[in-house]
Amino acid sequence: MATRATDPHTDVLIVGAGPTGLALAVDLARHGITAQLVERESGLFPGSRGKGLQPRTLEVLDDLGVLADIRAASGHYPPNLFWRDGEPQDERRMYEPTEPSEAEPHTETLMLPQWRTQQVLHDRLRALGGSVAFGRELVGLAQDADGVTAEFATGAPVRARYAVAADGGRSAVRRLLGIGMTGQVVDPDPMLVADVLVTGLDRDHWHVFPPSDGAAGRGPLGGLLALCPLPGTDEFQLVAQYPQDTTVDASLDGIRDVVAARSHLTAEQVTGVRWASEFRPRAALADRFRAGRVFLAGDAAHVHSPAGGQGLNTSVQDAYNLGWKLAAVLGGAAPDALLDTYEEERRPTAAAMLDLSTRVHHGEARRGRATQQLGLGYRESSLAEETRPALPEGALRAGDRAPDGRRGGVRLFDAFRGPHWTLLAVGTESPLPQTACPVVRIPDYEAYGTGVFLIRPDGYVGWAGATADGLTTYASRYGALRR
């Protein structure tokens, strides 16, 4: 493919305006980085698919400036209400409640249809001066020592210094790069997910209709049916599992038939379908997350079973990890080698989350602390530099998520908020280097222990020491102590 432009005229090309692409575009805009976000469809994704927002993602969304809007639009996970023969049976909660703490202020998984999460992020992007170019289907990609050139089915090519594939599980970018994806079918039975209008069910429960016993339960219309009320809408998310090799009918009539066959509701009580899609749960991981100047993020890099609500959340956190690193390199504060740490940190994390999603799908793990993603960290990363000797077990270390807290009139998450590093001294009067980034001193805080901590823009501890000795050497590699 011939290159029709010689000099990059945008910093970053983002392909795909789902949660990953939108979150990355918002983060880059905060850093003052010029990004062009393109989407092959004519508008944002219209369905509810990824509807669970985990506590760690809520922290990310707080930093991106959209948590208030997310909270206003979202709801709590309702208890499951199991039905049999038209009668309600028992209730069970999908998530056991966890009390928030000073260090972890968000512990509840919120429910919000994916389309609404995207709308909130899109509104934030526009408020920051960004936009989405819809109707731009990628058909070609080439890169050289200076940048990436993308060709589209219609319109002019785009030349950028870097590109990010956020274009989903069937990623055109990944295919053009020739990057393989290794995985497995989690469940061979096809599933239908749809956003439907239904009468005759309360909106206080997630209604579950288990497969019936006997031959009827194994027929084409037999199997699991679940109807979950979607907050902020009049709709329910329908999930139906079908026997292997069944042809799934996603039309209104087909959905009416399966609802009538598996529940006490009549076909006429399904009054509309807003969106519907067939899928087979699978787990897959891209062989690489970086190829030269192009990065894979979100479903383009990892595809999850929907069980456990890890896919969208892992994807948004890919964007959060990559955004500040691209900004540091593009701004001249760090060498290109910093971008290698994106794959170093995120690919093992995605692999762990894929394993967790698969185990939850098969009933081998419960939703709880692990699915909240608050315990995820990067201790093994080359960016994590821990200089304190002989730390006790359970102590905060470099690479860990930096806890929230309030001390001396300062809320730490408020200090960390924004596209900057933060220098935090806890219980020490150690001299600190000259810095343009925020500096916070607090007298004591058990969640940190005593020491000096350099907090990354994505809220993880980059460097930790008993004093600031050696900090400047670390920080100078990434421009951490200057804006």
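The values are calculated or read from the model by the stated rules, or taken from the named source; none is laboratory data. Since the model is a prediction, treat every value here as computed from it, not as a measurement. Every residue, glycine among them, receives a Cβ derived from its backbone with ideal geometry; neighbour counts consider all protein chains shown. Ligands, DNA and RNA are excluded from the accessible area calculation, which covers all protein heavy atoms including side chains. Shrake-Rupley method; radii C 1.70, N 1.55, O 1.52, S 1.80 Å.
Here are the numbers for this structure:
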quantity	calculated
Hits in region 124-139 (condition: buried (at least 16 other Cβ atoms within 10 Å of the Cβ) and assigned to a strand (DSSP E or B))	132, 138
Residues of region 51-91 that turn out to be charged (D, E, K, R) and in contact with a Gly (Cβ under 8 Å, 6 or more places away or on another chain), as a count	3
Conditions (1) loosely packed, with under 14 Cβ neighbours inside 10 Å; (2) under 27 Å from the mean Cα position of the chain (by Cα); (3) modelled with pLDDT under 95: number failed by residue 436	(2)
Every residue from region 218-239 that is at pLDDT below 95 and crowded, with 16+ Cβ neighbours inside 10 Å	221, 222, 223, 224
Count of residues meeting criterion [more than 29 Å from residue 337 (Cα to Cα) and either out of contact with any helix residue (DSSP H, G or I) (no Cβ under 7 Å at 6 or more places or on another chain) or polar (S, T, N, Q) (or both)] in region 382-409	10
Criterion: within 26 Å of residue 421 (Cβ to Cβ) and open to solvent by 20 Å² or more (accessible area, probe 1.4 Å) - qualifying residue of 43, 86, 21, 65	65
Failed condition for residue 80, given (1) crowded, with 16+ Cβ neighbours inside 10 Å; (2) in contact with a Leu (Cβ under 8 Å, 6 or more places away or on another chain)	(2)
Lone qualifier among 374, 423 - being at pLDDT 95 or above and buried (at least 19 other Cβ atoms within 10 Å of the Cβ)	423
Selection from region 465-483 of residues that are open to solvent by 60 Å² or more (accessible area, probe 1.4 Å), over 22 Å from residue 429 (Cβ atoms) and either in contact with a Lys or Arg (Cβ under 7 Å, 6 or more places away or on another chain) or assigned to a loop (DSSP other than H, G, I, E, B) (or both)	477, 482, 483
Conditions (1) part of a loop (DSSP other than H, G, I, E, B); (2) in contact with a strand residue (DSSP E or B) (Cβ under 7 Å, 6 or more places away or on another chain); (3) not charged (D, E, K, R): number failed by residue 197	(1)
